[in-house]
Each structure stands twice: as C-alpha cells, then as structure tokens.
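The structure under discussion appears below in the form of structure tokens.
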Amino acid sequence: MKVFVAKDAGYCFGVRDAVNLAYKTADKYGNVYMLGDIVHNENVVKDLKNAGTKVVQSLKEIPKKTPVLFRAHGTETQVWKNAKEKNMNIIDATCPLVREIHDEVSKLEKERRRIIIIGDHGHDEVIGIASQVADPIIIENPEEAKSLRKMKKAGIVSQSTQTIENVQNIINILMTKVFDLRFVNTICFPTKRNQNQIKELADLCDVMLIIGSFTSANSKRLAQLSRVRNSNSHQITCAKDIHSDWFLNAESVGISAGASTPDNLIEEVVEYVTHFGQEKEKEMVYG
C-alpha cells in the first residue's frame with residue numbers, strides 16, 4: 001500500500017515558534033503562565049504542562065514577576081493593556097501573520113468602514129481580531145451573511161485558517177449587501193498551502209487520514225475539505241484512532257495534519273499505516 005504524506009502537514013511556523021518559545025521560557029524561568037491552551041492539541045498541552053507551563057484564566061492568577069506567554073492566536077487588546085499596567089513580564093508568541101490581520105483590520109477601521117470578520121464565533125483568534133476595532137460584525141457562514149442588513153461601507157478580513165470556499169461564498173453574498181466593500185484576504189499562506197495539498201491528495205488516494213484535535217478549527221476544516229472529495233476520509237487524533245476496515249481494498253493512503261499537530265503524532269501514524277498490511281511500500285512525501 002502506498003502512503004503519501006502532505007509535505008507541509010502539521011505545525012505551521014507560527015505554532016512551532018510559539019511552542020518552542022514556551023519550552024524555552026519554562027526552561028529559563030522554571031515555569032511560565034498562559035491564558036488558555038497555547039494551541040488546540042491535547043498532546044502538546046500535556047507535554048508543555050510537564051515542562052512547566054501553567055494554564056490560567058485571568059492575569060490575577062499569575063504571581064508577580066512570573067512570565068506570562070501570549071499565545072500564537074493573538075490576545076485581546078484589553079488584556080495587553082492590563083498586563084502592561086501591571087508591569088508583567090510578557091512573552092509574546094503571537095503569530096506574525098495574525099499580527100498582520102490586527103494591523104489590516106485597524107487600517108480598515110480608519111477608513112471609517114464597518115468591520116466584518118469572517119470567522120468562528122468564540123475562537124481565540126477571532127476574539128483577538130475583534131478587540132482591535134469597535135463593534136465588529138462576526139460572520140461564520142453564508143446563512144449568517146444572508147441575514148445581514150444592507151450597508152454603505154464595510155471592510156472585511158477573515159480568520160487566518162478559514163477555507164477559501166467559505167470565504168468566497170460569504171463574500172459573494174456580501175457583495176449584494178454592501179455598496180462600498182473592501183476585502184483583505186487574510187487567510188494565511190500555510191493554510192492555503194495545506195488546503196491545496198489536501199484537495200489533491202483526496203483525489204489521488206483511496207483513503208485519507210487527517211491528524212488533529214477535534215478542538216482544532218483548522219484540523220476540522222481540513223477534514224471537511226477532504227470528505228467533499230473523498231468519502232473515505234477520517235479525522236483522527238493519533239494512530240490509536242485508526243480502524244482496519246477503512247483500508248479494505250485500498251491501494252493508497254493520504255496523510256495530512258492540522259497546524260497544531262506535532263511531528264511525533266504524524267510520524268506515529270505514518271509508521272502504523274506503513275506497516276499495516278503485508279505489502280509495504282515506501283512512504284512518499286507529497287507536495
């Protein structure tokens with residue numbers, strides 16, 4: 001059975017840098033506090049906890065002079081302000097591409113546009129983007145876009161891990177709602193690249209495995225994209241989730257992973273699948 005692994009599966013550079021920074025900070029100071037989990041992956045969170053990171057819900061829970069790490073997803077402006085007023089030791093792990101979205105949405109507001117954010121309600125990244133401007137509108141799907149009232153002037157950005165298809169569908173609707181519309185495409189390059197590789201692999205392979213936590217928005221979106229093209233697509237968190245009946249009469253397997261999935265989980269799945277059947281084919285990197 002041939003095994004194809006998406007070349008860019010797993011950690012994007014923003015997540016990898018944030019996780020590495022958390023380990024380095026914990027090693028330097030003995031521990032480091034974070035407001036919520038650094039990424040949406042239970043295995044990563046567990047390993048970091050063992051290394052000395054501590055997850056809290058508010059700045060009040062953090063002892064004085066102890067470092068606080070602001071995560072890759074971005075942090076609300078009020079939290080930044082409060083931390084600076086307390087003179088806290090801030091370790092900034094915000095993804096540079098998320099920071100760009102903050103800059104872009106602020107520019108759109110200065111043009112006196114009503115801000116619309118295409119993204120998941122309640123997601124950490126979306127909350128951070130929304131905090132940059134006054135009274136933004138958050139739209140998650142085309143149905144919500146259809147319910148929007150008409151307006152004269154709007155500026156639109158999206159959560160970095162949105163699918164191109166969802167954003168396009170929403171924009172098509174908003175074009176009928178907004179007279180003066182300016183859209184900045186803030187889907188990040190790693191997301192676009194991973195989505196393209198998933199689409200091609202799903203057409204090429206008999207079975208698709210997408211590795212990622214079910215709390216991870218981008219992992220779930222990758223799985224959805226794969227299922228549209230290949231009904232034998234399965235989202236898993238690790239090798240233990242794999243079922244043998246998925247591979248009946250299969251000659252090829254495609255493997256990818258969400259941006260918060262560490263390398264070791266991908267390697268375990270690849271090793272498991274490669275040794276699954278009696279006939280073994282060398283792993284091939286795709287993309």
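Can you find even one residue in region 128-151 that is surrounded by 15 or more Cβ atoms within 10 Å (Cβ to Cβ), within 27 Å of residue 176 (Cβ to Cβ), among the acidic types (Asp, Glu) and under 17 Å from the mean Cα position of the chain (by Cα)?
For region 128-151, residues surrounded by 15 or more Cβ atoms within 10 Å (Cβ to Cβ), within 27 Å of residue 176 (Cβ to Cβ), among the acidic types (Asp, Glu) and under 17 Å from the mean Cα position of the chain (by Cα): present.
Out of the residues in region 109-127 meeting the condition of being under 19 Å from residue 79 (Cβ atoms) and not in a loop (DSSP other than H, G, I, E, B), tell me which one is most open to solvent (accessible area, probe 1.4 Å).
Looking at the filtered set, the residue picked out is 127.
Criterion first (of a type in the set (Gly, Ala, Ser), open to solvent by less than 70 Å² (accessible area, probe 1.4 Å) and at positive phi) does residue 36 satisfy it?
The answer is yes for residue 36.
Filter region 36-57 down to the residues that are touching a helix residue (DSSP H, G or I) at 6+ places or on another chain (Cβ under 6 Å) and in a loop (DSSP other than H, G, I, E, B), then identify the one that is nearest to residue 190 (Cα to Cα).
By that ranking, first place goes to 39.
Is it true that some residue in region 80-92 is within 24 Å of the chain's Cα centre (by Cα) and either part of a loop (DSSP other than H, G, I, E, B) or aromatic (Phe, Trp, Tyr) (or both)?
yes
Just checking, does region 186-195 include any residue being in a loop (DSSP other than H, G, I, E, B), within 21 Å of residue 124 (Cα to Cα) and touching a residue at least 40 places away in the same chain (Cβ under 8 Å)?
Within region 186-195, one or more residues are in a loop (DSSP other than H, G, I, E, B), within 21 Å of residue 124 (Cα to Cα) and touching a residue at least 40 places away in the same chain (Cβ under 8 Å).
So residue 260 fits all but one of (1) over 18 Å from the mean Cα position of the chain (by Cα); (2) at pLDDT 90 or above; what number is the exception?
Of the numbered conditions (1) over 18 Å from the mean Cα position of the chain (by Cα); (2) at pLDDT 90 or above, the odd one out for residue 260 is (1).
In region 145-174, how many residues are closer than 28 Å to residue 99 by Cβ and either assigned to a helix (DSSP H, G or I) or free of Cβ contacts under 8 Å to residues at least 60 places away in the same chain (or both)?
Within region 145-174, residues that are closer than 28 Å to residue 99 by Cβ and either assigned to a helix (DSSP H, G or I) or free of Cβ contacts under 8 Å to residues at least 60 places away in the same chain (or both) number 20.
Restricting to region 167-200, and then to whatever is farther than 23 Å from residue 113 by Cα and of a type in the set (S, T, N, Q), can you tell me which residue is surrounded by the most Cβ atoms within 10 Å (Cβ to Cβ)?
194
Can you tell me which residue in region 232-252 is most open to solvent (accessible area, probe 1.4 Å), limited to those that are part of a loop (DSSP other than H, G, I, E, B) and within 15 Å of residue 204 (Cβ to Cβ)?
251
Hey, could you check region 263-287 for residues that are at pLDDT below 70 and more than 17 Å from residue 197 (Cβ to Cβ) and say which is least open to solvent (accessible area, probe 1.4 Å)?
The qualifying residue least open to solvent (accessible area, probe 1.4 Å) is 277.
Hey, does region 15-35 have a residue that's closer than 22 Å to residue 122 by Cα and in a loop (DSSP other than H, G, I, E, B)?
Looking through region 15-35, none of the residues is closer than 22 Å to residue 122 by Cα and in a loop (DSSP other than H, G, I, E, B).
Considering only residues that are open to solvent by 10 Å² or more (accessible area, probe 1.4 Å) and either at pLDDT below 95 or assigned to a helix (DSSP H, G or I) (or both), which ones fall in region 201-221?
203, 204, 214, 215, 217, 218, 220, 221
For region 116-144, how many residues meet the condition of being in contact (Cβ under 8 Å) with a residue 60 or more places away in the chain and either touching a Cys at 6+ places or on another chain (Cβ under 9 Å) or among the acidic types (Asp, Glu) (or both)?
So the count comes out to 2.
Restricting to region 1-14, give me the number of residues that are in a strand (DSSP E or B) and under 17 Å from the mean Cα position of the chain (by Cα).
Number of matching residues: 1.
Which pairs have Cβ atoms under 6 Å, sit 6 or more apart or on different chains, and link a residue in region 2-29 that is touching a residue at least 40 places away in the same chain (Cβ under 8 Å) and open to solvent by less than 40 Å² (accessible area, probe 1.4 Å) to one that is of a type in the set (D, E, K, R) and outside any helix (DSSP H, G or I)?
3/283
The values are calculated or read from the model by the stated rules, or taken from the named source; none is laboratory data. Everything numeric here is computed off the predicted structure, so don't read it as measured data. Using ideal geometry, Cβ is built from the backbone for each residue, glycine included, and neighbour counts are taken over all protein chains shown. Areas reflect the complete protein model, heavy atoms only, side chains present, ligands, DNA and RNA absent. Shrake-Rupley method; radii C 1.70, N 1.55, O 1.52, S 1.80 Å.
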